[in-house]
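Below: one structure, written as structure tokens.
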Amino acid sequence: MTKQKHSLGEEDIRKLVWRLSVPSVVAMMANALYNVVDRIFIGKGVNEIAIGGVYVVMPLMFLSMAFSQLFGVGGNTLMSISLGAKNQEKAEEFINTSLSLLLIMGFVLPLLGYYFRDSLLGYFGTTAENYGYAKDYFGIILFGAPCAIVGMGLNNFIRGMGDAKTAMLSILIGIFTNIFLDYLFIMKWNWGVKGAAFATIISQLISCTWILSYFFRKKALVQIHFEKMKLRLKTIIQITENGMAIFLIQVANSLVVGIMNNQLKTFGGTLAISAMSIVSSVSSFVFMPIFGINQGIQPILGYNYGAKKYNRIKETYFTGALIATSIMVMGFLIIMIFPEQLTSLFVKDNSDSKLLEYLLPGIRTQAIAYPLLGFAITGTAFFQAVRRPRTAMITSLLRQVIVLIPLILVLPRVFGVMGVWYSFVFSDIISTCVTIFFLRRVFRHVKEDCRSERNLLE
């Protein structure tokens, strides 16, 4: 335990970033596979319309993920700062309060989901052709929400304590279970989208059980204690404030996908939604490693901010940003050179040619601004780790909502379905420029914080 603390504050930054980020990147890639594997098996084992039906459910899954990240990332950030400030009692308060909040939302959200199911599916863009698939998938997937919320939320704390390998393993256990069950339920037993949903919730249950066992085996740097799972208003406000940026990102993702699906339905129809489902699956393999980098650098940033080590904070951010940029450039090149090979993973050889008419131009267009996004996306992790949640929220929402939604509403009226793809490009460029502006300002303020005598947890 002492060694973990010491490494965050003393170990060579480049080695530390790689050590914590590589398992996180692998874990996030595996996490992306939860939905991508479902779509691959559904595309090959059912049909292309069913892919779109499953994608319509994604906004509702983003809402579940939003609360998991609100309390998981929010509490983990404060736990890391507390450990850096040598305040073990405060660190335990944050993790135990977060667990209480995760459990509450894990049972409240499914109840609300069932009550408003038909209205939600209609709002998020179902069509007459894919409604049945969406309803079947959503009706089952809600059963796994408690395990998904608690497991994903607590996994942030394992990573925040510097044990990235265990955090990675917990996700890998779930994804390999999901792949095996998808193959069994869809390809062998012909359960269709219901099989994909059952595979997902069973794998989430197994992953959550593994994560909880980590804490009860007393391996954790910061422990879970039932008697400390009290809901103090001040602690709840602190956790919520620090997790609000990533929470709003996920809520924004939900909102954007709903609006986008309706625009695709209007200007392209059911197959345009299926095309977007495939494009988002491919793009997730580019973005998920960046989120893994964020998770790897966040505990380093938070710990050293609590310890007031400005030079280590600066070096950590730029190391992570350069790695992220390299990944984005590589993803851009692969998509531009091999679009047919990537999309063929999701469709049958005899798929409707109209699907490919939407799919191939879309996947290339959306990737145009990828090389710019490494610094912008890691900037959000930096803002969160140094307790600038409002700045993190602004820069995140700029890309996901403030710029993107108006473009999605306007550009398809001029360019048809292609207008949806163009919207992502312009949004990425504008948000990157604004994030760089805020980075320069916040770095100056962080330097002043590290020089001051005040308590950074206040």
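Got a number for residues in the stretch 382-422 being hydrophobic (A, V, I, L, M, F, W, C), closer than 26 Å to Y317 by Cα and not in a helix (DSSP H, G or I)?
2
Taking the residues in the stretch 10-58 that are outside any helix (DSSP H, G or I) and either open to solvent by less than 10 Å² (accessible area, probe 1.4 Å) or in contact with a helix residue (DSSP H, G or I) (Cβ under 7 Å, 6 or more places away or on another chain) (or both) as candidates, determine which candidate is farthest from S68 (Cα to Cα).
The residue in question is V46.
Could you say whether any residue in the stretch 329-345 is of a type outside the set (V, I, T), within 28 Å of I278 (Cβ to Cβ), touching a residue at least 40 places away in the same chain (Cβ under 8 Å) and buried (at least 22 other Cβ atoms within 10 Å of the Cβ)?
no
For the stretch 85-129, which residues satisfy the criterion of being among the small types (G, A, S) and either under 22 Å from V256 (Cβ atoms) or under 22 Å from the mean Cα position of the chain (by Cα) (or both)?
Within the stretch 85-129, S98, S100, G106, G113, S119, G122, G125 qualify.
What are the residues in the stretch 394-409 that are open to solvent by 50 Å² or more (accessible area, probe 1.4 Å) and touching a residue at least 12 places away in the same chain (Cβ under 8 Å), if any?
Correct list: I394, L409.
Being aromatic (F, W, Y) and open to solvent by less than 10 Å² (accessible area, probe 1.4 Å) is the filter here, so list the residues in the stretch 418-440 that pass it.
Hit for the stretch 418-440 is W421, nothing else.
List, please: which pairs have Cβ atoms under 8 Å, are six or more places apart or on different chains, and start with a residue in the stretch 235-256 that is more than 14 Å from T395 (Cα to Cα) and open to solvent by 10 Å² or more (accessible area, probe 1.4 Å) and end with one that is hydroxyl-bearing (S, T, Y) and in a helix (DSSP H, G or I)?
I236/T97
Being out of contact with any Phe, Trp or Tyr (no Cβ under 9 Å at 6 or more places or on another chain), open to solvent by 20 Å² or more (accessible area, probe 1.4 Å) and under 29 Å from V26 (Cβ atoms), is that true of even one residue in the stretch 296-310?
yes
Just the residues that are in contact (Cβ under 8 Å) with a residue 60 or more places away in the chain and open to solvent by 60 Å² or more (accessible area, probe 1.4 Å), please, taken from the stretch 89-123.
Y123
Somewhere in the stretch 383-391, is a residue surrounded by 24 or more Cβ atoms within 10 Å (Cβ to Cβ), under 17 Å from F438 (Cα atoms) and of a type in the set (G, A, S)?
yes
The values are calculated or read from the model by the stated rules, or taken from the named source; none is laboratory data. What you see is a predicted model, and the numbers here were worked out from it, not measured in a lab. Cβ: placed from backbone, ideal geometry, glycine included. Neighbour counts: every protein chain shown. Note: areas computed on protein heavy atoms with side chains; ligands, DNA, RNA excluded. Shrake-Rupley method; radii C 1.70, N 1.55, O 1.52, S 1.80 Å.
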